[in-house]
Every structure is written in C-alpha cells, then in structure tokens.
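A short write-up of the structure that comes next.
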Amino acid sequence: MALPRDAIDGPVRRANMLFAAAVLAALLASLLFARLVASRFLHALTGLEQHVAQLGAARLFVPQPGPVLEVNRMEGVLHRVGLEIAEAEEAIERERSLLRATVQTIPIGVLLVTANGRISLVNRKMLSLCGVDALQSLEDPALLSYFRPDGTPYALSEHPIVRALEDGETIEGEEVLHQVAGVTRHEMINAAPVRDGAGAVIAAVSACYDVTDVRTAMKRQQILLDEINHRVKNTLATVQSIARVSLSSATTMEEYAEAFERRLIALSSAYNLLTENNWEGADLGTIVERTLAPFARGGRTSLGGPALTLTPKLTLAMSAAIQELSTNAAKYGALSVEQGRLEVSWSRQNDGRLAFSWIERDGPPVRKPTRRGFGTRLIQDILAMDSGWSVNLDYAPEGLRCTMLIVE
C-alpha cells in the first residue's frame, strides 16, 4: 500500500513542535523564577551589606525580617555583635572619662606622650606648672625651660620623659629647676615608658610636682637649727657668766642661790618674751612692764616712752639690766620703802641712739658703794661691752639715776 509522506511525517512533526514549545515554555518559566529568587536574594544581601556598613561605622541597626531565612539569621547575629560592641565602647568611654577626670583633679602634673612625640594627654596641673593654656609637643618652649639643680640647662634628649620614651628608662624623683615667667621653682619628676603586649614602647608618661615650698621650709628649718644652736651656746655662756659673777659677789651660799635663781628667772622671762615674737625682737615698754611687775605696787612706778622694738640681743641685755636695777631698788633703793617712787622713760634721739633713763626718788639716802657688786659690773662692763651701750650711774643722795645710750 502506498501512503502519502505527509500522512506519516505530519504527526511526528507536530509532536516535535509541541515538545519544543513545552521545553521553551519551561525554560522561560525557569528564567522568570530564577530572576525572582535572585532579586529577593539581592535585596536581602543589599540590606545585609548596609547593616554591615552601619556596624562598621559604630551605628546600631534594627534587623528587618526578609524573605531569606539565612540572611535573617546573619542579620540577627550582626545585631547581637553590634549590641556587644556598643556596650563595650560605652564601658570603654566610661572608663576613659573616669580616668580623664581623675588625671585632671590630682594635685600633680601629668603628661602622656605618644611614640611620635605628640602630647596625647596633659592635665590642668601640668599646664599650671608650665604657665600655659595648652601643650602640643615636646618641643613646646614651656617644656624647654628646665634646668639642673646646679643651674645648667637640660637638653631635650635629657628630659626624663624623652629618656623614658626613647631609651625605655624609668626615672624616679629627679629634681629640676623650672623657670616660668621669671620665677624659678623646684620640681620633682617621675617618668616611665608605656609598653604594648609585645614589650615595645608605644608612649611615655611623666608625673611632676612642685617641691618649692618643701625646699624653702627645709632651708628655713636649717637656718633655725643653726640659729638655735648659736643661741643655746650663747645662753649657756650667759648662764655660766651669771653663775661665776654671782658667786664672786655673794657672801653665803643662800645668798648665792637666791641671786642666781632670780637672775635665771629674769633670763627665762626675756626668752619667753622673744619666743612670743618669734625671736624677731621685743618692745622695750613690754620688757620694762614685765620686769617691774613684781615690784610695781600701789602706783609707785611711772613708765613712759614710744613703742620701740629691740633686737633679740638687746632684749636679753635690757632684761638683765632692768632686773638688776629693780632688785637693787627693792633691796636698798626707792622700792624698799612705801613712799619711794621710780620713773622709767625712754626715747629716740636725733642721732638714732636710744636713750634710757632710770630715776629713783623719795627712797632711803643713797651712798656710793665701796665695792662694785654684780649688778654694777653686769650693767657697766659685761652688758655694755656685749651690747655696745654707754652707761652712767649717778649715786645722788636723793636717789639713784641710771642713764643708758644704746646704739642698735
């Protein structure tokens, strides 16, 4: 039998065309589906990329759920990491603020220098010690005005913080002279290197504090010790002289003990008066009043004169002289009787000398002594030679007159 070729090939051709169409349709559908899925992944990954960038810039983000579960999980992890980083940075900033506040309030100067010589931290006290409002580098003029205690200048390479930074040296208690605005202060400097985990020097820190007042106090203390030593020697010499001369003028041991004790008390009173005035001297009127206080009864004494401050040396001498005059007046002169009167006056003369007058009246008749007692020798010889004054003793019958001219 014979059949037409179209009858045989037609169905096959149509089946192939249908199959090709089906394959093409499936391919187009796959492409569309892949594009849809890819666009969703691209959107999710783009959001993830933005969140990573925000995290890198230290900005927190709120994760938004997307169509891709895996990306959502990654964003959740990033969000937790961001929170932990933020908490850590907050803690670090809090600690930094506490450290900065502590450094700013401590009463010593603090300076922190990085490895390249840049000043990273400086507190108010350090700025005050340098007399400036800001410090930028180690070459700042305010940091180049340090000198050694002998006055030689520091080279920049010899500055304690530079030695700590460049040589890794630790310096403790190095005393320097610091000149600021024409004023020289004594300062003590400590410096130490700051190292990283590998031991390399990455910075150096220096602490500086002013010891000028301490040095001044120590110097003053040494002067006072020397002065005390000198005064103790002089006092012992005075006591020795009083003991020796009192013994030569006494007739009995009881008389010697009484006179010696009385003179020591007078010397002690003078020392007390000087101590009250920090050994800067004493007022002559106060000396006279205190010495005559045991004898000034019933208004029998008259005192007059301007305020005159005597040196410590003259204070002791005048106290001793007035004590001897008072004792003599109480034993033999105007103060030994009820009607006796005593006039004491002092003044400054035109030539600058101090004139002191002691006049007794209405006492027992006065006779010039046949021998010079301790009081006379003390006033006319010992004290006059030691203090440089001239003395005139007039034994007038109506009463003793003593005139002193003192050169201060």
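The values are calculated or read from the model by the stated rules, or taken from the named source; none is laboratory data. Because the structure is predicted, anything quoted here is derived from the model rather than measured. Cβ sites come from the backbone with ideal geometry, for glycine too, and all protein chains shown count toward neighbours. Note: accessible area is taken over every heavy atom of the protein model, side chains too, but ligands, DNA and RNA are not part of it. Shrake-Rupley method; radii C 1.70, N 1.55, O 1.52, S 1.80 Å.
The table below lists the values:
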| read-out | value |
| --- | --- |
| Lone unmet requirement of (1) without any contact (Cβ under 8 Å) to a residue 24 or more places away in the chain; (2) in a helix (DSSP H, G or I); (3) closer than 28 Å to Arg215 by Cβ for Ala164 | (1) |
| Flag for Arg195 being open to solvent by 80 Å² or more (accessible area, probe 1.4 Å) and not acidic (Asp, Glu) | yes |
| The range 278-314, subset among the aliphatic types (A, V, I, L, M) and under 24 Å from Gln339 (Cα atoms), residue modelled with the lowest pLDDT | Ala296 |
| One residue from Pro149, Pro107, Pro67 being outside any helix (DSSP H, G or I), touching a Lys or Arg at 6+ places or on another chain (Cβ under 9 Å), open to solvent by 60 Å² or more (accessible area, probe 1.4 Å) and at pLDDT 80 or above | Pro107 |
| Test set (1) under 22 Å from the mean Cα position of the chain (by Cα); (2) buried (at least 18 other Cβ atoms within 10 Å of the Cβ); (3) not polar (S, T, N, Q) - His159 fails condition number | (1) |
| Members of the range 391-408 that are of a type in the set (Gly, Ala, Ser) and in contact with a Gly (Cβ under 7 Å, 6 or more places away or on another chain) | Gly399 |
| Residue within the range 118-133 that is of a type outside the set (Gly, Ala, Ser), in contact with a Leu (Cβ under 9 Å, 6 or more places away or on another chain), open to solvent by 50 Å² or more (accessible area, probe 1.4 Å) and free of Cβ contacts under 8 Å to residues at least 12 places away in the same chain present | yes |
| Only one of Val180, Val113 that is touching a residue at least 60 places away in the same chain (Cβ under 8 Å) and either over 19 Å from the mean Cα position of the chain (by Cα) or open to solvent by less than 30 Å² (accessible area, probe 1.4 Å) (or both) | Val113 |
